[in-house]
Amino acid sequence: MSIAVSDPLHALSLARTALSDPDALSSNSDFDPDLSMAGESADPAQVAYAIAQIDYAIGGLYFEPFDDPAREAGVMLANLDRLLATIAEGLDECVCFEGAVAEIREAVEHLAGARLLLASMRS
């Protein structure tokens, strides 16, 4: 069985376009859902909120520090820490992924150490 690995930036970009301009996706072969009902039933405020969240996530995929690279890297590491912790919790509930959970939790500890190091360098 092959596993498809998605590009998060591409997926977020498609999701944002689906919300902001669904007609632009009609010619895109990668993404061709029936968006006619989705656009009619969506609350404009909810769509705007979803777009803002997607923009925030897209921004997190780029690391172009301008003023304070350690702070920006620290924020990204904190977000990654939360993501990995959530993944570990989900896998832990399945019971059969103990090895993966242990590795993920070890990675979280390393990220915490990296964040502390960045914070100490800022002082």
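Numbers at a glance
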item	result
Separation in nanometres of the label points that stand 7 Å from Cα toward Cβ, at Asp21 and Ala102	5.1
Relative packing of peptides 96-103, 47-54 - highest average C-beta neighbours within 10 Å first	47-54, 96-103
Relative contact order (percent, whole number), the range 69-122, Cα cutoff 8 Å, 6+ residue spacing	52
Distance in nm between pseudo-label sites at Leu83 and Ala112 (7 Å out along the Cβ direction from Cα)	2.0
Rough spin-label spacing in nm, given labels placed 7 Å along Cα→Cβ, for Asp92 and Val47	4.0
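Here, each number is a calculation from the coordinates, and none is a lab measurement. No experiment lies behind these values; they were computed from the predicted model shown. No Cβ is skipped: glycine too gets one built from the backbone with ideal geometry, and neighbour counts run over all protein chains shown.
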